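This report refers to the structure that appears directly beneath it.
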Amino acid sequence: MRHYFLLVLAGLVLGPAPSLAIDFPNIERKVAKEPKYLSTKPLYGLLVFGPKRQTSVWLVLDKSEPNSAAYDVLYFDRAGHADLTLPAHKFTVGKEDGGRLKFEVGDFTDLRTGDKHTDLSISVDKGPAPNLMVRLSWKGGKVKMAGGYPEDPGDYLKLAPKPAEAPVLWFYGDGDFRFQRWYGATLTIGAENDFKVFLGQQGIGPSSFCAMMHPFLSDEMPVLATLLYTDGEGREAKVKHELKQRC
């Protein structure tokens, strides 16, 4: 049986887009001021905001006791100054969310743009190497974003033991957008195939995709994908397809 393999998805039609290439600037991976952690292995991650990723916000997972099994303390740089020593930047677990620990950060204001993002929360597993997800309401509106998605199958975002190795999540909800495969890697010729993708922004590191959450686009908004493939004769070809279903 011959198969098509999906190589590239691109071309969301939301207006002029000179380039969808990911071109991150040199992001400084250094925390200016850090508290005294109780964990012997704090875990680091970095959020960036805006079309040019001009605002950087550090988050660090710590423990309330050196021997705690779970990371139940969060440091979040609400001011974007890489200073985690301020009392307002320390968070403890607010509640459990489906067996995961959830930190309620609340509102975050980007001091460079003045944009206020709301309902910011961070949820983590209870294990020694927890998966992590970040959620927020972009500019306090109805558009929801969630960061930390892998290509299925795979672990969700995992933080790093050193700032220099920290994964980066990019939150930007005003377009242009990228695709990431959700599931369905092989398309069979002559058969009906189910292939789903996330729509959002790609970060740096494994499982660093920030997805726009449904409902986001109306049913009338076209989403166009270009499928690049090699046919049974070894020739490269492509076909364009409109993605109509939302989920």
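Within the same chain, aspartates and glutamates fewer than 8 places from Lys63 are excluded, and of the rest, those with a Cα less than 19 Å from its Cα are Glu34, Asp72, Asp77, Asp83, Glu96, Asp97, Glu104, Asp125. Could you check how much of the accessible area of the chain is carbon and sulfur, as a whole percent, using a 1.4 Å probe? Here carbon and sulfur together make up 51 percent of the probe-accessible area. The 3J(HN,Hα) values that the Karplus relation (6.51, -1.76, 1.60; θ = phi - 60°) gives for the stretch 138-150 are, in residue order, 5, 6, x, x, 7, 7, 9, 10, 9, x, x, 7, x Hz. Gly and Pro appear as x. In this structure, Glu65 and Thr85 have a Cβ-Cβ separation that, at R0 = 25 Å, corresponds to a calculated FRET efficiency of about 0.80. If the chain linking Lys41 and Glu192 were pulled fully straight, counting 0.36 nm for each residue of separation and taking away their Cα-Cα distance, it would gain 49.6 nm. Hey, how many Å between the Cα centroid of the stretch 86-162 and the Cα centroid of the stretch 25-42? With the stretch 86-162 and the stretch 25-42 each reduced to a Cα centre, they are spaced 17 Å.
In this structure, the amide hydrogen of Leu38, modeled 1.01 Å from its nitrogen in the peptide plane, lies closer than 5 angstrom to those of Lys63, counting only residues at least 5 positions away or on a different chain.
Its convex hull of Cα atoms gives the chain a direction-averaged projected area, equal to a quarter of the hull surface, of 15.3 nm². Comparing Ser123, Ser218, Ser39 in a Gaussian network model of the chain, where Cα atoms under 10 Å apart are tied by springs, the biggest mean-square fluctuation is seen for Ser218. In order along the stretch 228-242, the phi-based Karplus estimate (6.51 cos²θ - 1.76 cosθ + 1.60, θ = phi - 60°) of 3J(HN,Hα) comes to 9, 8, 10, 7, x, 9, x, 8, 7, 8, 8, 8, 9, 9, 8 Hz; Gly and Pro are listed as x. Cross-link partners for Lys52 among the lysines, with Cα-Cα distance under 27 Å and sequence neighbours closer than 8 places in the same chain left out: Lys30, Lys33, Lys116, Lys139, Lys142, Lys144, Lys158, Lys162. Put Val57, Val197 in order of accessible area, highest first, and with a 1.4 Å probe you get Val197, Val57. Accessible area per residue for the chain, computed on protein heavy atoms with a 1.4 Å probe, is 54 Å². Rg/Rh, computed from the Cα trace of the stretch 152-207 with Rh as the Kirkwood radius, has the value 1.09. Shown in residue order for the stretch 107-121 are the 3J(HN,Hα) couplings computed by the Karplus curve 6.51 cos²θ - 1.76 cosθ + 1.60 at θ = phi - 60°: 7, 9, 9, 6, 5, 7, 10, x, 5, 10, 9, 10, 6, 6, 9 Hz (x for Gly and Pro). Straight-line reach from Lys238: which lysines fall under 22 Å, measuring Cα to Cα and dropping same-chain residues less than 8 apart? Answer for Lys238, where 22 Å is the Cα cut-off: Lys196, listed by chain and number.
Roughly speaking, what % of Cα-Cα pairs in the stretch 109-158 are separated by over 14 Å, rounded to a whole number?
On the way: 724 of 1225 pairs.
Of the Cα pairs, 59 percent sit more than 14 Å apart.
When nucleic acids and ligands are ignored and a 1.4 Å probe is applied, His241 ends up with an accessible area of around 120 Å².
The values are calculated or read from the model by the stated rules, or taken from the named source; none is laboratory data. In this text the structure is predicted, and so the values were computed from the model without any measurement. Don't worry about glycine lacking a Cβ; one is built from the backbone with ideal geometry, like all the others, and counts go over all protein chains shown. Areas reflect the complete protein model, heavy atoms only, side chains present, ligands, DNA and RNA absent. Shrake-Rupley method; radii C 1.70, N 1.55, O 1.52, S 1.80 Å.
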